[in-house]
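Here is the structure we will look at, set down as structure tokens.
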Amino acid sequence: MTTPMYIDPHAHMISRTTNDYEAMAAAGVVAVIEPAFWIGQPRTYVGTYIDYLSTIVGWERFRAGQFGIRHYCTIGLNSKEANNEELAEQVMEILPRFALKDGVVAIGEIGYDEQTPLEDKYFRAQLELAKELDLPVMIHTPHRDKKRGTSRSMDVVEEHGLPPDKVVVDHNNEETIAETLQRGFWAAFSIYPGSKMGNERMVELLKQYGAERIIVDSACDWGVSDSLAVPKTAKLAAERGIPQEQIHKACYANALAAYGQSGQMSEEDWLNPSPIDQRTLYAGNSILRGGAAPRIEEPVSPAQAEDKLIIR
């Protein structure tokens, strides 16, 4: 039986270990999207922001590839740090040079946290940047006052003239899904234990709303979270009778359709990948430590690949 393919379109892999990459690849995750985000404590200099963004467009992309997973990212100033105006102004200056790097599929995650005037200012500025660069947008909706913050986010997007089919509204729940879908946005859900959404609740939403414009992600990060949330949700959905076509949409195809609009992400990336060779270096550095044996895959030619299909 062929293992289904999954995309986790919200995974903070910089906070995860190589064991996560190995487990995700074994479970069928072929690609991840890493949104630029809050690292758990305030950054105080634009230089630390530059190093962080350099890592998610560079080293982390390399590291994922060493385990057979394609890595993409989004670039943005997160809402918490938008409240440090001096830092925010400097970050806004450097964002365009990162947003045009290979593998950047959106501006995000951006939006509101406490819904302050400064958060609003930089949310709007980044929507204009997305328009200018013709990139999709990933919106972080607030954990407090969720319904009002989600409605307000979509109001502002519409005010700035971005088409809703280029905007993913993330961290939805039962009280926001109907409005998000009715207004034509992609509705993403973070399966994050104990807070945002459990996968049993997610399956009930799939039963009620179907999978059109629904996206499932893990939002796995440095907190108590699960890097296998997408494949686990797909498995549970199948056990609870959700049709495979809908599971495929919610856990793979919709994310590809939404973020593929960037021109930076296509199935070819993982259907015809370069063989894994853990002897490879990035800026002179390897993922291997202490003389560990590298994993090396043999290249497969198109003729060899075709030959594997033939039973003689």
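Size estimate for region 1-100 follows the Kirkwood approach: the inverse of mean 1/r over distinct Cα pairs works out to 14.5 Å. Projecting the Cα atoms of 228, 254, 100 onto the charge dipole of region 6-307, computed from C-beta unit charges around the Cα centre, puts 228 farthest toward the positive end.
Placing unit charges on each Cβ (+1 for Lys and Arg, -1 for Asp and Glu) gives region 165-312 a dipole about its Cα centre, and among 282, 244, 169 the Cα reaching farthest toward its positive end belongs to 282. In this structure the amide hydrogen of residue 167, modeled in the peptide plane, comes within under 5 Å of the amide hydrogens of 137, 186, none closer than 5 places in sequence on its chain.
With a 1.4 Å probe and every protein chain left in place, work out the accessible area per residue of region 1-93 in Å², rounded to a whole number. Result: 38 Å² of accessible area for each residue. Under the convention that each Lys and Arg Cβ holds +1 and each Asp and Glu Cβ holds -1, the size of the dipole of region 6-307 around its Cα centre is about 460 debye. When 227, 266 are compared by accessible area of protein heavy atoms, the largest-first order is 266, 227, using a 1.4 Å probe. With all protein chains kept in place, the per residue accessible area of region 102-201 amounts to 36 square angstrom at a probe of 1.4 angstrom. Descending by average beta-carbon neighbour count within 10 Å, the peptides 5-12, 191-198 line up as 5-12, 191-198, the highest first.
Protection proxy ranking, highest mean first, for peptides 157-163, 217-223: 217-223, 157-163, where packing is the per-residue count of other beta-carbon atoms within 10 Å, averaged.
Taking every protein chain into account, the 1.4 Å probe leaves residue 22 with about 100 Å² of accessible area, to the nearest ten. Net length available on complete extension from residue 133 to residue 52 is 27.0 nm, with 0.36 nm assigned per residue and the Cα-Cα distance removed. Modelled spin labels at residue 144 and residue 269, positioned 7 Å past Cα toward Cβ, are 3.6 nm from each other. Estimated at 0.36 nm per residue, the fully extended path between residue 281 and residue 295 surpasses their Cα-Cα distance by 3.7 nm.
Ranked by the mean number of other Cβ atoms within 10 Å of their residues, highest first, the peptides 171-181, 282-292 fall in the order 171-181, 282-292. Here the Karplus relation 6.51 cos²θ - 1.76 cosθ + 1.60, evaluated at θ = phi - 60°, turns the backbone of region 38-43 into coupling constants of 6, 9, x, 8, x, 7 Hz, with x for every Gly and Pro. Carbon-plus-sulfur accessible fraction, the chain (probe radius 1.4 Å, protein heavy atoms only): 52%.
The values are calculated or read from the model by the stated rules, or taken from the named source; none is laboratory data. What you see is a predicted model; the values in this text were computed from it and never measured. Please note: Cβ atoms are built from the backbone with ideal geometry, for glycine as well, and neighbour counts cover all protein chains shown. SASA here: full protein model, heavy atoms, side chains in, ligands and nucleic acids out. Shrake-Rupley method; radii C 1.70, N 1.55, O 1.52, S 1.80 Å.
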